[in-house]
Amino acid sequence: MKMFIAICHLFLAALFGSVASAQPNAADTPTRYVEVNGDRIAYRSFGQGPPVVLANRMRGTLDTWDPLFLDQLAKHHTVITFDYPGIGYSSGTLPADMSMVAKFFSDFTAAIKLKRTAVLGWSWGGYMAQALLVEYPHLVSHAILLGINPPGKNQLPIQQVWLERALKPINDLGDEEILFFEPKSDASRVAARLSRDRIYARPGVVSKIPSTPEEIHLFLKVAKEFKEDEVGRREQLTRTRTPILIVCGDNDTSVPVENWYPLIGKIPRAQLIVFPESGHGPQHQHPELAAKYIADFLRYSGN
């Protein structure tokens with residue numbers, strides 16, 4: 001009898017162990033496709049729990065999210081990443097203004113059967129997330145804004161050192177230290193290397209990154225329109241009741257965190273977290289901690 005029980009235990013351990021190991025993660029989640037307005041849009045979905053859809057930075061693709069950050073988020077949420085039309089694995093052309101980008105997102109979430117979701121926007125994707133907050137408020141349960149500024153006139157401009165690296169066709173580790181981290185910090189440089197190693201463990205990452213002047217110009221054109229804010233999104237943000245978590249580094253040479261300070265007390269349900277000795281990609285420098293903050297925000301902030 002003891003022998004039989006021991007064998008049963010071994011069998012169950014092997015069974016459940018294999019089931020656990022079979023759970024997909026960021027590194028092995030397959031790319032899926034859905035048709036949106038005639039375009040073939042690429043996306044990936046894994047994890048379990050309430051959905052959170054991640055909108056990427058300028059020139060970012062499905063492959064350029066840090067997989068450790070995604071895996072941490074997926075412990076408590078269904079994580080969905082996608083490529084904009086004409087970017088990465090998706091066909092089509094990038095929409096011409098931010099309202100059109102927001103409309104695309106609304107159509108994309110409808111195509112994958114999502115009626116309401118948390119939205120996480122990093123950098124350029126954070127512009128889109130803010131457009132969603134004022135143009136499609138019924139769609140957004142929570143908004144997480146990573147490494148981004150509000151629309152309209154901001155006091156501190158983007159620094160030339162960031163632009164010089166951001167517009168290069170291909171970025172190396174030295175570029176990424178300046179673009180997404182804090183190069184004056186030894187710890188941040190180490191985190192940059194570790195994050196890059198995790199990202200580039202997937203084959204073919206560079207081949208999908210937009211690198212032509214024409215592709216980059218499309219991103220910049222949409223960003224310029226958003227910043228000029230002729231439609232008044234900045235003022236409309238102060239009226240939103242959607243819970244918002246803003247996550248920034250203290251040395252972001254692209255979108256300085258200080259530009260949020262005049263608005264923080266005016267957006268009713270906005271919270272701000274600032275990572276020290278960090279730059280434009282705090283979630284890649286601190287993937288576990290950033291994911292925990294986000295998961296706690298989504299769990300406890302209501303909707």
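Every number here is computed from the coordinates shown, using simple stated rules; none is lab data. It should be emphasised that the depicted structure is a prediction, and the values quoted were computed from it without experimental measurement. Neighbour counts run over all protein chains shown; Cβ positions are idealised from the backbone, glycine included.
Restricting the count to DSSP beta bridges whose residues both fall in the chain, what percent are antiparallel, rounded to a multiple of 5? Walk me through the intermediate numbers first.
Values: 10 of 34 bridges.
In the chain, approximately 30 percent of DSSP beta bridges are antiparallel ones.
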(message) Nothing charged except the Cβ atoms of Lys and Arg (+1) and of Asp and Glu (-1): what's the magnitude of the dipole of the chain about its Cα centre? Round to the nearest 20 debye.
(response) 900
(message) Tell me which of 160, 91, 105 sits at the most positive position along the dipole axis of the chain, charges placed on C-beta atoms (Lys, Arg +1; Asp, Glu -1).
(response) 105
(request) Can you pull the one-decimal nm distance between simple spin-label points at residue 296 and residue 48, each 7 Å off the Cα toward Cβ? (result) 2.5
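At a 10 angstrom cut-off on C-beta neighbours, averaged per residue, how do the peptides 164-173, 214-223, 59-68, 90-99 rank from highest to lowest? List each step's numbers first, then the result.
Working: 164-173: 14.4, 214-223: 15.9, 59-68: 22.0, 90-99: 17.8.
Top to bottom by mean Cβ count within 10 Å: 59-68, 90-99, 214-223, 164-173.
For the cross-link pairs 75/184; 113/292; 184/221; 103/153; 103/266; 168/221, which exceed 29 Å when the distance is taken from alpha carbon to alpha carbon? Please report the intermediate quantities before stating the final value.
Working: 75/184 33 Å; 113/292 27 Å; 184/221 31 Å; 103/153 24 Å; 103/266 27 Å; 168/221 17 Å.
Among 75/184; 113/292; 184/221; 103/153; 103/266; 168/221, the Cα-Cα distance tops 29 Å for 75/184; 184/221.
Rg to Rh ratio, the chain, alpha-carbon atoms and Kirkwood radius? Could you put the intermediate results ahead of the total?
Numbers: Rg = 19.9 Å, Rh = 19.9 Å.
With Rg and the Kirkwood Rh in hand, the quotient comes to 1.00.
Could you work out the relative contact order of the chain, using alpha carbon pairs under 8 angstrom and six or more residues apart, expressed as a whole percent?
Working: 579 pairs, mean separation 61.3, N = 303.
About 20 percent, as a whole number.
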(request) Quick one: what are the phi-derived ³J(HN,Hα) couplings along segment 64-70, Karplus 6.51/-1.76/1.60 with θ = phi - 60°, whole Hz, x for glycine and proline? (result) 9, 6, 5, x, 5, 4, 5
(message) Per DSSP helix of 4 or more residues, -39500 (n - 2.57); summed, then divided by the residues of the chain. What does that give at 222 nm, rounded to the nearest 500?
(response) -12500 deg cm²/dmol
(request) Could you tell me whether segment 79-173 comes out rounded, prolate or oblate from its Cα gyration tensor? Rule is a ≥ b ≥ c as square roots of the eigenvalues, rounded for a/c under 1.5, then prolate if a/b exceeds b/c, otherwise oblate. (result) oblate
(message) If I model a spin label at residue 28 and residue 187 as a point 7 Å from the Cα along the Cα→Cβ vector, what separation in nanometres do I get?
(response) 3.4
(message) Give me, ordered by chain and number, the residues 5 or more places off residue 141 or on other chains with an amide H under 5 Å from its own placed amide H.
(response) 117, 118, 119
(request) Starting at the first residue of segment 176-183, write each ³J(HN,Hα) from the Karplus equation 6.51 cos²θ - 1.76 cosθ + 1.60 with θ = phi - 60°, in whole Hz, x for Gly and Pro. (result) 5, 4, 7, 6, 10, 10, 10, x
